Amino acid sequence: MQQTQPTIAYDYTPSTLDVEKLLRTGDFLGCLQCGMCAGSCPLGYAMNYTPRKIILNTRAGNLNKILVDPSVWLCISCYTCSSRCPKKIELTDLLWPALRDRALQEGFQPPTELQDAFEKIYKYGNSLGGSPRKRMDWAAGLDFPIANLAKDPHPVDVLWIVECFPSYYPRNQIVAREFARMLNILEIDWGVLGHKEKCLGDCDRLYGEEGLFETLVENNIELLHDYQFNTILVIDPHAFRALNRFYPLFGATFPAEHYATFLAKRLGPLQPFLKKPIPAKVTYHDNCCIGRRCQCYEPPRQLLQAISGIELVEMERNRDNALCCGGGGGGMWLDGHITKHGGHRLSDERVKQAAASGADILAVSCPYELSRFEDSIKVAGLESRLKVRDLIELLAESMDIQEGGKS
Amino acid sequence: MKIVTTIRQLPDLIEPLVIDASGKSLDYGEARFLVNEYDDHALEQAVLLKEQHGASITVVALDFGDVNDALYTAAAKGVDRIIKIPYEEKKPPFPRAAAEIFAGVIRDLQPDLILAGVQSYEEWDGSFTPLLAHALQLPYVGLIQGVECSGEQSITAFKEFPGAAKARMTIRLPAVLGILAASHPPRYVPISRVRAAMKSAHFEEIAAAPPSIAPKIQLEKLYAPVTGARAEMIDGSESEIASRIVQLLTEKGVLK
């Protein structure tokens with residue numbers, strides 16, 4: 001890729017990140033150069049600069065060599081390096097965003113597929129480039145009204161931030177509708193922000209677009225302060241991570257919950273509705289944000305085990321050791337770059353691991369994974385053996401409220 | 001070298017276009033706007049020339065649509081001067097009027113080189129960029145794909161012709177170029193820079209005399225395309241549509 005050095009029009013100091021300063025602080029001073037990060041990284045084999053080498057070379061004054069390297073755009077924020085680092089250095093949350101922010105500030109262009117996603121998020125508030133006016137299209141066909149707080153502001157117990165994929169992507173819209181039915185059955189007092197909702201922005205931060213993330217955070221904080229609610233509920237683990245970890249850095253602490261823990265806490269009221277057995281072997285893919293980062297391994301499994309007929313089987317790599325789907329932290333928009341430099345997508349590898357577990361169904365709890373894994377299943381020729389279902393879809397089927405009517 | 005680029009705002013096709021009560025115009029109040037993509041290339045070409053050879057860049061735009069967003073982005077790319085032309089109308093000027101308005105401001109700037117997008121999808125009464133050159137009484141070359149400096153008083157421009165022929169031409173300045181594509185695709189500017197520009201960029205306002213001309217073509221009616229008799233619109237679910245496409249391709253002998 002040809003790199004063009006742009007005119008520096010304005011001095012800009014990122015509010016939170018400066019890679020050289022970062023490496024002179026606290027935990028980073030303790031890097032042992034042991035290489036655990038490089039050996040653990042699922043794309044480490046494709047990186048000229050792994051976290052260990054980034055730390056070493058930046059200290060040696062070679063930052064400019066790193067910034068032009070494709071490695072900068074290979075991390076998919078799976079948190080494996082951070083979780084295994086013997087010194088517990090926050091490589092995923094701090095090192096990579098700081099490095100990418102510097103690359104962007106120096107004028108090095110990110111891969112075009114990622115630029116496109118950034119531009120759509122900035123302009124339309126969602127990475128899919130959907131019209132903001134069509135944010136409620138997912139709800140078309142539901143046979144009950146939804147409390148759209150943008151049109152009728154009133155206090156609710158639970159504010160569901162539907163997020164981009166469930167709002168716009170047809171495969172995920174199905175899940176969103178089923179979840180809406182589920183919330184009603186559980187008699188939750190809930191509402192949504194309608195066309196006022198915008199991307200929460202976790203992936204933008206992890207991909208170094210700090211300015212875009214700050215813009216989204218400021219918009220969202222201002223918006224959320226206009227409404228009264230007790231909890232924010234999200235389907236997207238990245239959104240949960242953003243609210244939980246990064247929004248407080250901007251002085252905004254909103255109680256947030258991912259749907260897996262939200263539903264697992266309500267298994268008592270939910271259980272009587274889980275009437276229909278699903279006779280299948282199911283394996284659960286621990287997504288990186290809820291799993292490795294937040295150590296939430298049991299609630300999704302409790303939900304699956306509450307459905308009669310389901311036999312839960314584990315993949316060899318599960319829980320802390322689960323392999324990433326490759327879509328996190330911006331990876332969703334970098335398949336071309338990652339395939340070019342890494343040779344394959346991690347989702348292609350993960351579906352083979354799921355098939356090897358003997359499972360008929362690969363259960364997921366992140367909106368990115370449905371399309372990623374369904375695509376990879378086709379690539380791997382596993383269509384007749386393995387299906388991908390969101391936890392919500394399996395629960396909805398057992399409750400007989402699944403899309404397509406009762407069976 | 002003094003370079004001027006123009007920015008035109010167009011309705012973003014992400015939203016459905018709404019035709020107003022007159023039936024002769026879009027309802028621009030309902031529109032969302034974006035920068036004409038060829039103007040974006042013209043700006044990129046100007047910034048590349050500045051980086052490679054040194055130049056001052058002035059961006060000129062009508063105060064219409066979401067123009068401030070476009071101008072902050074231009075500021076973040078490193079332009080030197082930004083001029084907004086006050087504009088009160090609810091719809092954009094037709095191309096010949098636009099050329100007259102822009103020329104009124106650009107003439108006094110006495111630029112060496114004017115780079116403007118070669119076309120936009122809203123032109124119906126002639127093409128803006130050659131009309132701008134005409135209004136400025138300057139030479140014009142269109143469909144340019146890449147510009148280089150070749151001296152104080154001239155530039156080298158590239159243009160493709162049918163039959164895989166490419167021309168390299170030396171153009172004496174001052175001149176107006178209709179840009180089809182910059183030498184490199186328009187760059188991504190980090191939003192942090194756009195935000196910094198929002199705090200520090202200064203927009204000058206320079207008024208232009210109202211256009212003295214009326215459109216030579218009367219627009220009678222604006223309407224959505226009507227499905228022709230020979231077109232088959234395929235309705236149904238995704239799988240039904242896909243099956244019908246496969247059936248058609250098989251019938252036509254494309255698929256075997």
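Summary of values
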item: Candidates A:Gly404, A:Gly331 - the one that is part of a helix (DSSP H, G or I) and either in contact with a Ser or Thr (Cβ under 8 Å, 6 or more places away or on another chain) or within 23 Å of A:Gln271 (Cα to Cα) (or both); result: A:Gly331
item: Criterion (closer than 18 Å to A:Gly328 by Cα and of a type in the set (A, V, I, L, M)) met by exactly one of A:Ala117, A:Ala176, A:Ala139; result: A:Ala117
item: Which listed residue is in contact with an Asp or Glu (Cβ under 7 Å, 6 or more places away or on another chain) and under 17 Å from B:Ile191 (Cα atoms), from A:Ile89, A:Ile121; result: A:Ile121
item: In segment B:140-178, the residues that are of a type outside the set (D, E, K, R), in contact with an Asp or Glu (Cβ under 7 Å, 6 or more places away or on another chain) and farther than 17 Å from B:Asp112 by Cα; result: B:Gln145
item: Verdict on A:Ser127 being of a type in the set (S, T, N, Q), touching a residue at least 12 places away in the same chain (Cβ under 8 Å) and within 14 Å of another protein chain (Cβ to nearest Cβ); result: yes
item: Residue check for A:Lys65: of a type in the set (D, E, K, R), within 21 Å of the chain's Cα centre (by Cα) and not assigned by TED's automatic domain parsing to the domain that holds A:Leu346; result: no
item: Hits in segment A:8-64 (condition: buried (at least 18 other Cβ atoms within 10 Å of the Cβ), aromatic (Phe, Trp, Tyr) and either assigned to a helix (DSSP H, G or I) or modelled with pLDDT under 95 (or both)); result: A:Tyr12, A:Phe28
item: Set A:Pro111, A:Pro155, A:Pro170, A:Pro132: member being within 14 Å of another protein chain (Cβ to nearest Cβ), surrounded by fewer than 16 Cβ atoms within 10 Å (Cβ to Cβ) and not β-branched (Val, Ile, Thr); result: A:Pro170
item: Single unsatisfied condition, B:Phe64 versus (1) closer than 28 Å to B:Lys159 by Cα; (2) more than 14 Å from chain A (Cβ to nearest Cβ); result: (1)
item: The one condition in (1) among the aromatic types (Phe, Trp, Tyr); (2) part of a strand (DSSP E or B); (3) within 14 Å of another protein chain (Cβ to nearest Cβ) that B:Phe158 fails to fulfil; result: (3)
item: Extreme residue, surrounded by the most Cβ atoms within 10 Å (Cβ to Cβ), among residues of segment B:143-153 that are modelled with pLDDT of 95 or more and at negative phi; result: B:Ile144
item: A:Ser127 being part of a loop (DSSP other than H, G, I, E, B), under 18 Å from the mean Cα position of the chain (by Cα) and either closer than 24 Å to A:Asp335 by Cα or of a type outside the set (Val, Ile, Thr) (or both); result: yes
item: Qualifying residue in segment B:77-90 (condition: surrounded by fewer than 17 Cβ atoms within 10 Å (Cβ to Cβ) and either within 14 Å of chain A (Cβ to nearest Cβ) or under 13 Å from B:Ile179 (Cβ atoms) (or both)); result: yes
item: Unique match (being over 30 Å from A:Leu74 (Cβ atoms) and not hydroxyl-bearing (Ser, Thr, Tyr)) among A:Leu216, A:Leu243, A:Leu183, A:Leu249; result: A:Leu183
item: Filter pass, A:Lys196 being more than 18 Å from the chain's Cα centre (by Cα), away from chain B (no Cβ under 14 Å), surrounded by 15 or more Cβ atoms within 10 Å (Cβ to Cβ) and of a type in the set (Lys, Arg); result: yes
item: Any hit, segment A:267-283, residues being under 23 Å from A:Asp236 (Cβ atoms), in contact (Cβ under 8 Å) with a residue 60 or more places away in the chain and surrounded by fewer than 19 Cβ atoms within 10 Å (Cβ to Cβ); result: no
item: Members of segment B:161-184 found to be away from every other protein chain (no Cβ under 14 Å), touching a residue at least 40 places away in the same chain (Cβ under 8 Å) and surrounded by fewer than 22 Cβ atoms within 10 Å (Cβ to Cβ), listed by number; result: B:Leu173, B:Pro174, B:Ala175, B:Leu180, B:Ala181
item: Tally of residues being assigned to a loop (DSSP other than H, G, I, E, B) and either surrounded by fewer than 24 Cβ atoms within 10 Å (Cβ to Cβ) or in the same structural domain as A:Cys37 (by TED's automatic domain parsing) (or both) across segment A:284-306; result: 5
item: Candidate set from segment B:185-240 (those that are farther than 18 Å from B:Ile7 by Cα, basic (Lys, Arg) and within 14 Å of chain A (Cβ to nearest Cβ)); member that is surrounded by the fewest Cβ atoms within 10 Å (Cβ to Cβ); result: B:Lys199
item: Within segment B:33-62, considering residues that are closer than 19 Å to B:Leu109 by Cβ, in contact with a Lys or Arg (Cβ under 8 Å, 6 or more places away or on another chain) and of a type outside the set (A, V, I, L, M), the one surrounded by the fewest Cβ atoms within 10 Å (Cβ to Cβ); result: B:Ser56
item: Residue match in segment B:132-142 (condition: in contact with a strand residue (DSSP E or B) (Cβ under 8 Å, 6 or more places away or on another chain), within 14 Å of chain A (Cβ to nearest Cβ) and farther than 21 Å from B:Gln9 by Cα); result: no
item: Hey, B:Glu30 within 14 Å of another protein chain (Cβ to nearest Cβ), acidic (Asp, Glu), touching a helix residue (DSSP H, G or I) at 6+ places or on another chain (Cβ under 9 Å) and farther than 16 Å from B:Gly117 by Cβ or not; result: no
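For every residue, the table says whether it meets (1) over 27 Å from A:Leu304 (Cα atoms); (2) of a type in the set (Ser, Thr, Tyr); (3) touching an Asp or Glu at 6+ places or on another chain (Cβ under 8 Å).
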{"site": "A:Arg319", "(1), (2), (3)": "no, no, yes"}
{"site": "A:Ala322", "(1), (2), (3)": "no, no, yes"}
{"site": "A:Cys325", "(1), (2), (3)": "no, no, yes"}
{"site": "A:Thr339", "(1), (2), (3)": "yes, yes, no"}
{"site": "A:Glu349", "(1), (2), (3)": "no, no, no"}
{"site": "A:Ala356", "(1), (2), (3)": "no, no, yes"}
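The values are calculated or read from the model by the stated rules, or taken from the named source; none is laboratory data. Everything numeric in this text was worked out from a predicted model, so none of it was measured. In this analysis, Cβ positions are derived from the backbone assuming ideal geometry, glycine residues included, and neighbour counts consider all displayed protein chains.
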